[in-house]
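The values are calculated or read from the model by the stated rules, or taken from the named source; none is laboratory data. Quick caveat, the model's predicted, so the values are computed rather than measured. For neighbour counting, all protein chains shown are included, and Cβ atoms are generated from backbone atoms with ideal geometry for every residue, glycine included.
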Amino acid sequence: MDASLSPELRHSVGVDVVIVARLRRLLTDNPSAEEDLFTAAESAYAAAQRRPEDHLAARFAGKEAVFKALGIGLLDGVSWTDVELTSAPDGHPVAGLTGNAQRCAERRNVRELEVSLSHSGGIAIAQALVVFGGAQHEAIERFQPHVPSRD
Amino acid sequence: MTDDEILAAVQSAVAQCLELPDDEVAPHATLMVDLGAESIDFLDILFRIDRKTGIRVKVSEIRGHIMGDVALDAFRDAEGFVTPEGLAQVQRVMPRVDMSAFQGRLEARHVAKLLTVQDLADLVANHGRIPVA
């Protein structure tokens, strides 16, 4: 949608970069960290790829980018698994929000949330765009996860 | 463990995680600003502290440590800035922070950047006595 169409709508962006080796070290040293960071659907998706850690790193960057775009952080009580990044049939990432992230999005009247992920040369990057405003009931319905989360 | 032993374990965990010399991880150093920790490092540091002390601090405990009994809506205003009540709470749990520098315009999402190595050691020492928000 074009946020410029309505003066009632505002937008915000967030970006994050993750060194794949940094995430690999965390998960190798602490295997249970994967459950703290990723939903079952995200882990399953990554495990089916040729380079799983590239995809996990991109998703971690995506979660951080979403937090930044939403303007939320530690004090909002969000956890990394509150943002689930799955893939649509055409391959583009789809963000689903649950828990406190979903509540924060509802409170801020989030209408649209788009995420772009990429990885190359051991680096993963993500950008998130959030559009705020409009009818609140529309916003809430958009953020149901497409697949059940680990929780 | 004594408080000194806990502080030493936390300093060691931070140094190993961030690949810093031990003497650079001073108690008053802020994890994110002074030492360059990122969010992924927080989780790594907490796992390392667990291995060294047997105490697993959850991320939610950090939130509970900072906010205490102050509800989120009272801690920050609608624009995301910490309220006077929130600033007083931050000053209570982080007395080393110069609150006058913020002039009442501290964004709630940046409060975690004020956490020092000593704050983390205090969290470990008080583990189990902090409400999990």
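Data overview
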| read-out | value |
| --- | --- |
| Filter result for the condition that a residue is free of Cβ contacts under 8 Å to residues at least 24 places away in the same chain and assigned to a helix (DSSP H, G or I), over B:A78, B:A112, B:A88 | B:A88 |
| Conditions (1) more than 20 Å from B:R48 (Cα to Cα); (2) hydrophobic (A, V, I, L, M, F, W, C); (3) buried (at least 20 other Cβ atoms within 10 Å of the Cβ); (4) within 12 Å of chain B (Cβ to nearest Cβ); number of the one not met by A:A58 | (4) |
| Filter result (surrounded by fewer than 16 Cβ atoms within 10 Å (Cβ to Cβ) and touching a residue at least 24 places away in the same chain (Cβ under 8 Å)) within the range B:19-33 | B:A26, B:P27, B:H28, B:V33 |
| Every pair of residues 6+ apart whose Cβ atoms lie under 7 Å, when the first sits in the range A:52-79 and is over 13 Å from A:A105 (Cβ atoms) while the second is outside any helix (DSSP H, G or I) and among the polar types (S, T, N, Q) | A:H55/A:Q49; A:A58/A:S118; A:A65/A:Q127 |
| Hits in the range A:24-43 (condition: facing another protein chain (nearest Cβ under 9 Å) and free of Cβ contacts under 8 Å to residues at least 40 places away in the same chain) | A:R25, A:L26, A:D29, A:N30, A:S32, A:A33 |
| In the range B:40-60, residue surrounded by the most Cβ atoms within 10 Å (Cβ to Cβ) [restricted to those that are part of a helix (DSSP H, G or I), within 11 Å of chain A (Cβ to nearest Cβ) and not aliphatic (A, V, I, L, M)] | B:D44 |
| Residues of the range A:107-151 classified as more than 26 Å from A:P52 (Cβ to Cβ) and either in a strand (DSSP E or B) or at pLDDT 65 or above (or both), total | 12 |
| Odd one out for A:L97 among (1) crowded, with 22+ Cβ neighbours inside 10 Å; (2) under 26 Å from B:V82 (Cα atoms); (3) within 14 Å of chain B (Cβ to nearest Cβ) | (3) |
| Condition met for A:G73 (within 14 Å of chain B (Cβ to nearest Cβ) and either surrounded by fewer than 17 Cβ atoms within 10 Å (Cβ to Cβ) or modelled with pLDDT of 95 or more (or both)) | no |
| Test: residue in the range A:56-65 that is closer than 27 Å to B:H110 by Cα and modelled with pLDDT under 95 | no |
| Residue within the range A:77-93 that is surrounded by fewer than 20 Cβ atoms within 10 Å (Cβ to Cβ), charged (D, E, K, R) and over 21 Å from B:G80 (Cα atoms) present | yes |
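The rows are residues; the columns are (1) within 13 Å of another protein chain (Cβ to nearest Cβ); (2) buried (at least 16 other Cβ atoms within 10 Å of the Cβ); (3) within 21 Å of A:L37 (Cβ to Cβ).
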site: B:C17; (1), (2), (3): yes, yes, yes
site: B:E38; (1), (2), (3): yes, yes, yes
site: B:I62; (1), (2), (3): yes, yes, yes
site: B:G80; (1), (2), (3): yes, yes, no
site: B:Q89; (1), (2), (3): yes, yes, no
site: B:T116; (1), (2), (3): no, yes, no
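Rundown of residues vs (1) touching a helix residue (DSSP H, G or I) at 6+ places or on another chain (Cβ under 9 Å); (2) farther than 25 Å from A:G121 by Cβ; (3) among the aliphatic types (A, V, I, L, M); (4) not in a loop (DSSP other than H, G, I, E, B), yes/no style:
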position	(1), (2), (3), (4)
A:V17	yes, no, yes, yes
A:R24	yes, no, no, yes
A:A44	no, yes, yes, yes
A:A57	yes, no, yes, yes
A:K63	yes, no, no, yes
A:I72	yes, yes, yes, no
A:T86	yes, no, no, yes
A:G91	no, no, no, no
A:Q102	yes, yes, no, yes
